[in-house]
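The values are calculated or read from the model by the stated rules, or taken from the named source; none is laboratory data. Bear in mind the structure is a predicted one, so any value in this text is a computation, not a measurement. Counting neighbours? That spans all protein chains shown, and the Cβs are built from the backbone with ideal geometry, glycine included. Only protein heavy atoms, including side chains, enter the accessible area calculation; ligands, DNA and RNA are left aside. Shrake-Rupley method; radii C 1.70, N 1.55, O 1.52, S 1.80 Å.
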Amino acid sequence: PRFWLGDVDRGCRVRNPQPEPGETVTWSGGCRDGYGAGPGLGVWFNRDGREIQRVEMTLVRGRRHGEVTFAFPSGTRAYARYHNGERQSIRRVRNAGGPPLRPAGFGASTPGYNWTRETSRGCLIWNPKPQPQETVTWSGRCRDGTAHGPGVARWTKAGRPSQVDTVTLVDGKRHGRARIHFPRSGRTYVGTYDHGRRVSWQRQ
């Protein structure tokens, strides 16, 4: 359906009131009966894989309900109130500053918000969509402290397998063709990357 997006990790549906072609979303909160549920952070990406907004919210059957905070790459923030998916009020603050909205439990002691240190040798891997309690192992080699070359990155969230990347990394970032598999939803995507920037993306 046009106004719904499935979270790329679990396929959990999140209401998208202003859909754009090629958009994707991650959802850090709960999933109930296939819909986003409870408090969490939704992160939206455009068709090129660039982050376009973060939304801290509570979802009821996938719809925003209660107090909602939006954060945009420009530095603007918006504070809104929703009732069962319908916006009741909104207030925008330009150049609001402050730390980026992060999923609950993501510690400030990590080596940069978009970098994750893999567990076996400690080399860094670029992580465009960080999630709480997330870890990664890397089968390839490390160069100058970052994962480098072909290999398989296996991601877990709260101890459960969440994503398997068969990929080439250059200085820790995806480059060239990548196969991304999400075990929980069973979905597999193939994309191409240019030094971490997503160029193409399609479901297998």
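The table below gives the values:
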{"item": "Taking the stretch 144-204 and dividing mean pair separation by its residue count, relative contact order in percent (alpha carbons under 8 Å, at least six apart)", "result": "24"}
{"item": "Per residue, in Å², the accessible surface of the chain once ligands and nucleic acids are set aside, probe 1.4 Å", "result": "53"}
{"item": "Relative contact order for the chain, counting Cα pairs under 8 Å that sit 6 or more residues apart, in percent", "result": "12"}
{"item": "Approximate spin-label separation Thr119-Val190, in nm, with each point projected 7 Å along Cα-to-Cβ", "result": "3.0"}
{"item": "Protein accessible area in the chain, 1.4 Å probe - carbon and sulfur %", "result": "47"}
{"item": "Other-chain or far-sequence residues with amide H under 5 Å of Thr76's (modelled H)", "result": "Asn95, Ala96"}
{"item": "Principal semi-axes in Å for the chain [√(5λ), Cα gyration tensor, largest first]", "result": "29, 18, 16"}
{"item": "Cα-based shape type of the stretch 154-196, given that a ≥ b ≥ c are square roots of the gyration tensor eigenvalues and the cut on a/c is 1.5", "result": "oblate"}
